[in-house]
1. Just to check I understand the Karplus step: with θ = phi - 60° and J = 6.51 cos²θ - 1.76 cosθ + 1.60, what whole-Hz values come out for region 130-135, glycine and proline as x?
2. By the scheme Lys and Arg +1, Asp and Glu -1, what is the net charge of all other residues having a beta-carbon under 13 Å from that of Ala310?
3. Could you go through region 329-342 in sequence order and give the Karplus-derived ³J(HN,Hα) for each residue, using 6.51 cos²θ - 1.76 cosθ + 1.60 with θ = phi - 60°, rounded to whole Hz, and x for Gly and Pro?
4. Where only protein heavy atoms count, and the probe is 1.4 Å, what is the accessible area per residue for region 106-216 in Å²?
5. Probe of 1.4 angstrom, ligands and nucleic acids ignored: what's the accessible area per residue over region 355-482, in square angstrom?
6. Quick check: net charge around Trp58, other residues with Cβ under 14 Å of its Cβ, Lys/Arg +1 and Asp/Glu -1?
7. Give the peptides 97-107, 63-73 in descending order of average Cβ contacts within 10 Å, highest first.
8. To the nearest Å, what is the center-to-center distance of region 361-392 and region 331-347, using C-alpha atoms only?
Amino acid sequence: PSSHSYRGLTLVLTFLSYTSYHLSRKPISIVKSQLHPNCSALGPNPHNDSNSTTWCSWAPFDGDNYKELFGALDNAFLVAYAIGMFISGIFGERLPLRYYLSGGMVLSGLFTGLFGLGYFWDIHVLWYFIVVQVCNGLVQTTGWPAVVACVGNWFGKGKRGLIMGIWNSHTSVGNILGSLIAGAWVSSAWGLSFVVPGIIITTVGIICFFFLVEYPEDVDCSPPLHHVMTTSEKDPEAVTSNEGPLSLSGQSSVDHSNSPKEPAEEPEAISFLGALRIPGVVEFSLCLLFAKLVSYTFLYWLPLYIVNVAHFGAKEAGDLSTLFDVGGILGGIFAGLISDYTGGRATTCCVMLVAAAPMLFLYNHVGQNGIGTSIAMLIICGALVNGPYALITTAVSADLGTHESLKGNAKALSTVTAIIDGTGSVGAALGPLLAGLISPTGWNNVFYMLIAADVLACLLLARVVVKEARGWCGVMARQRGY
């Protein structure tokens, strides 16, 4: 097969992989409303107990502190994920990506399924669900550094923003499918809302184990060009390494030493501090912290917000919440396309974040005025909130992981991706936690917190935006000079 076929296969397999990761994360937000439903709406208590208001709830979530317990479940996963992500990238650089990814997916399927089996085993102990969430959070960190590294190994910088913008729709597709699959069983047997996604991610993990190709050199394809350089700037050794697989096809042992994987033979993988020193890594990491805080608050709390404010049922709220992810798909593609065209990754993120703040305010105040308004606002907010998040976690991570300062060391990609996403995951853990603490004081305050996070995310990129603006001014000045 040609290089194009392998690239297509890599995109499809990594897309399916991360779709299944998100598909297995989403059920908890749908099932929450079933673990503590409005029992009075279901009629009289068939058990004739004195506790008539919570007879249909699932203990231990039948008390008045159920929101705090849901927050504890979310944070058990998200804190474990944030901590695990910083370690995961380091492992990802040193282990075969295919084994690392497929092993993580099988374990993710196991722990997702175990949460659902709590229903069939009639488990009512909070610690069981907390421990399963912590274990799932840790093993799910295998996914992101591995899939971004695989895609980064196969695609150069040219159209990376657009390709990764389209490819990154796996996050939203996974959320949508997860919502629909969980919604199918949420009212009848909520355990299946977890067991079925667990089976799906395990199956996809096994497929990846047999068919994923990590590096172009593994199948005698030439690696992509990560930097656009003039001939005089090119390192003669880099030219040799790019031609190596073509002139030495069939000699896999020589292929590996004559490729951008060459630094694996020298300084091994990049250190954590070394990755932090790459220009832009710290700024984009901190920006993602606040962008992901907003995105994950919506991911975990939007169905419950719709139930409380618009008074829809659990399934209708779950279905309606998928429109936020539909907007996320459009936002990711749009952000990638614009940033490729302008060359301004940070500026694209900043403009979308600035636009997101007033849209969040409007959604909270007029978003529930009618089903049409609600649909439109959810799509717009999804696009503006998830666009920068998608761009930073994909194209920006791949750009920084193959930065020219690394002099061709492709072993930095997984570590850089993990640092950026790990910092973002701290925000992902903080968002739902803060929403759980603030929501009793009113949903308005939750939205003010989200708007403040958006503004902070924008401010943290100011230095990189100024640098990009100076670059554009320099280009324009040179053009006028000619």
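The values are calculated or read from the model by the stated rules, or taken from the named source; none is laboratory data. What you see is a predicted model; the values in this text were computed from it and never measured. Quick reminder, even Gly has a Cβ in these numbers, built from the backbone with ideal geometry, and neighbours come from all protein chains shown. To get the accessible areas, we keep the full protein, side chains included, count just its heavy atoms, and leave off ligands, DNA and RNA. Shrake-Rupley method; radii C 1.70, N 1.55, O 1.52, S 1.80 Å.
1. Coupling constants for region 130-135: 5, 5, 4, 5, 5, 4 Hz.
2. Charge balance near Ala310 sits at -2.
3. Couplings: 4, 4, x, x, 5, 4, 4, x, 5, 5, 5, 5, 5, 8 Hz.
4. Using a 1.4 Å probe on heavy atoms only, each residue of region 106-216 averages 35 Å².
5. Working: 5160 Å² over 128 residues.
On a per-residue basis, 40 Å².
6. My count for the surroundings of Trp58 gives -1.
7. Numbers: 97-107: 21.8, 63-73: 16.5.
Answer by packing, highest mean first, reads 97-107, 63-73.
8. With region 361-392 and region 331-347 each reduced to a Cα centre, they are spaced 20 Å.
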